[in-house]
Amino acid sequence: MNRRQRAKTVIELEPRRATSTETARTPTKALEPDPLYGVALLKTALELKRRKDGTPEEILRGVLARMRLSEDEFRAWLSQQGGLAKVLGGGKP
């Protein structure tokens with residue numbers, strides 16, 4: 001090992017225990033979308049530009065599978081954004 005490199009230490013943390021006040025609260029707003037959804041859209045757009053074979057739907061499924069994102073949750077978020085065609089600038093939804 002090089003003198004400048006430090007040994008990597010892995011620390012496993014215990015899961016946080018819920019308190020009585022946390023369990024009594026109910027979330028009032030929907031959960032935030034996965035931050036990787038934007039990355040998935042960007043990767044899909046790059047794949048569409050690079051590859052001429054395949055439909056946008058097939059390319060999107062491939063990107064989501066590689067990123068291990070839920071397709072159903074992504075499509076629900078995408079419908080809130082206006083659909084695949086509108087988000088990628090492909091025309092009307």
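Name the single residue, out of those in region 52-84 being of a type in the set (D, E, K, R) and touching a helix residue (DSSP H, G or I) at 6+ places or on another chain (Cβ under 7 Å), that is surrounded by the fewest Cβ atoms within 10 Å (Cβ to Cβ).
The initial filter retains those residues of region 52-84 that are of a type in the set (D, E, K, R), namely 52-53, 57-58, 61, 66, 68, 71-73, 75.
Retained after the next criterion (residues that are touching a helix residue (DSSP H, G or I) at 6+ places or on another chain (Cβ under 7 Å)): 61, 71.
Details: 61: 15, 71: 12.
Step by step, filter region 52-84, then rank; the result is 71.
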Completion exercise
Exactly one of 3, 50, 66 is charged (D, E, K, R) and modelled with pLDDT under 80, and that residue is 3
Handout entry: Residue tally, condition more than 15 Å from the chain's Cα centre (by Cα) and on the phi < 0 side of the Ramachandran plot, over region 46-79
Key = 13
Completion exercise
Note on region 36-51: residues exposed (fewer than 13 other Cβ atoms within 10 Å of the Cβ) and of a type in the set (D, E, K, R) are 49, 50, 51
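The values are calculated or read from the model by the stated rules, or taken from the named source; none is laboratory data. This is a predicted model, so every value here is computed, not measured. When we count neighbours, we look across all protein chains shown, and the Cβ atoms used for this are built from the backbone with ideal geometry, even at glycine.
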